Amino acid sequence: SFTPRVFSGAQPSGNMHLGNYLGAFKNWGKLQDDYECLYCVVDLHAITVWQDPARLAAQTREAAAAYIAAGVDPERAILFNQSRVAGHAELSWMFNCVARIGWLNRMTQFKDKAGKNREKVSVGLYVYPTLMAADILLYKGTHVPVGEDQKQHLELTQDIAQKFNHDFGREVFPIVEPIITGEATRVMSLRDGTKKMSKSEPSDMTRINLTDDADTIAQKFRKARTDAEPLPETADGLDDRAEARNLVNIYAALADLPVAEVLGQFAGKGFKDFKDALVDVAVAHLSPVTGEMARLMGDPATLDAILDRGAEKAAALAEPVLDEVKETIGL
Ligand code: ADP
Ligand code: NA
């Protein structure tokens, strides 16, 4: 049996946003009560697409600051950046030799991210899910809180663990379980309710960044696409209204209320009124987070010291696992 252990992470590709916060960071703090937790800034994942070398270190600090501002406690959880523990890259190579090309070919996120450019994107972007499996299994992680968007990658992690254990006839790795928490775990773009809010959206106006001030948040929500219908009585009245549904989900998640309760409060009202209320809830909830992030980012030496200490602790956990894996493979 395996020690319950949580692993999660986000890419330091700049523009930490409301989707990252509601789908990930906000939930991470709570897990510290029940699990040993590792929260990683996955900089090796970030470089699967171009990152400006002059900005990457600052983006790594921004991500770490976002984790802490959202409730991650570096005294209780291990907070570090991926490239500081060499085992991630090492284990991912071994997993490249376990995973099958057909498995990777089925990954929808690669298809989304590569688009028509399939032949021109990096090999790293293609094998991204095997690195993610290594991130988790390097620590024998048992539970992974992820947004809906990462579910398929987590299934690949399970497949890799299963095949490794089976091929070598040893229970080396646990089969990880997803923890999918809360309403609105999938936050969509403010322009198109069928696309997820993402760091890589071309316009800043369709994404609430965790560094946005109150005026910017208000402006973005007021410009968010909706429709002319009032809010419905029940959630099925949001079917085929992706943008409307998204704003209701965001409200519910920020106010920590079930969607039914939000609709009970706003049914029959138009989106102009609803957006005013949404702005109030969003600003009230996010301004302490934004403020704490700004304070932390103003003190890079302290953030670097936290990341240094986290990397030491993570490396100490990884070392015996990597030894066991190599011994199992015969390396
Ligand atoms: P991005 O997709 O913006 O590049 P990451 O891949 O770094 O973000 O994801 C970091 C975490 O944030 C993951 O747990 C992911 O599931 C979550 N996440 C990212 N975008 C969203 C979203 N729009 N809604 C909910 N969760 C999200
Ligand atoms: Na993602």
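Per-structure values
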| quantity | calculated |
| --- | --- |
| Residue that is modelled with the highest pLDDT, among those in the range 106-138 that are under 20 Å from the mean Cα position of the chain (by Cα) and not in a helix (DSSP H, G or I) | Leu138 |
| Residues of the range 286-315 that turn out to be part of a helix (DSSP H, G or I) and more than 15 Å from Cys40 (Cβ to Cβ), as a count | 17 |
| Candidates Thr194, Thr185 - the one that is modelled with pLDDT under 95, under 25 Å from Met107 (Cα atoms) and out of contact with any Asp or Glu (no Cβ under 6 Å at 6 or more places or on another chain) | Thr194 |
| Ala161 crowded, with 16+ Cβ neighbours inside 10 Å and over 21 Å from the mean Cα position of the chain (by Cα) | yes |
| Count of residues meeting criterion [outside any loop (DSSP other than H, G, I, E, B), more than 28 Å from Asp239 (Cβ to Cβ) and more than 16 Å from ligand 1 (Cβ to nearest atom)] in the range 187-228 | 5 |
| Residue check for Phe25: modelled with pLDDT under 95 and within 12 Å of ligand 1 (Cβ to nearest atom) | yes |
| Which listed residue is on the phi > 0 side of the Ramachandran plot and over 23 Å from the mean Cα position of the chain (by Cα), from Gly268, Gly264 | Gly268 |
| Hey, Leu125 within 15 Å of ligand 2 (Cβ to nearest atom), more than 30 Å from Ala284 (Cα to Cα) and touching a Lys or Arg at 6+ places or on another chain (Cβ under 8 Å) or not | yes |
| Test: residue in the range 256-268 that is modelled with pLDDT of 95 or more, assigned to a loop (DSSP other than H, G, I, E, B) and surrounded by fewer than 21 Cβ atoms within 10 Å (Cβ to Cβ) | yes |
| Qualifying helices (runs of 4 or more DSSP H) (wholly inside the range 1-105; at least 3 residues being more than 15 Å from ligand 2 (Cβ to nearest atom) and surrounded by fewer than 23 Cβ atoms within 10 Å (Cβ to Cβ)) | 26-31, 53-69, 87-96, 101-105 |
| Members of the range 107-132 that are farther than 20 Å from Ser198 by Cβ and within 15 Å of ligand 1 (Cβ to nearest atom) | none |
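Per-residue answers, yes or no, for (1) small (Gly, Ala, Ser); (2) surrounded by 18 or more Cβ atoms within 10 Å (Cβ to Cβ):
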| site | (1), (2) |
| --- | --- |
| Phe271 | no, yes |
| Lys275 | no, yes |
| Leu286 | no, yes |
| Gly291 | yes, no |
| Met297 | no, no |
| Leu303 | no, yes |
| Ala314 | yes, yes |
| Ala318 | yes, yes |
| Val321 | no, no |
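The values are calculated or read from the model by the stated rules, or taken from the named source; none is laboratory data. Just so it is clear, the structure is predicted and the values come from calculations on it, not from any experiment. Here Cβ is always computed from backbone atoms with ideal geometry, including for glycine, and neighbour counts include all displayed protein chains.
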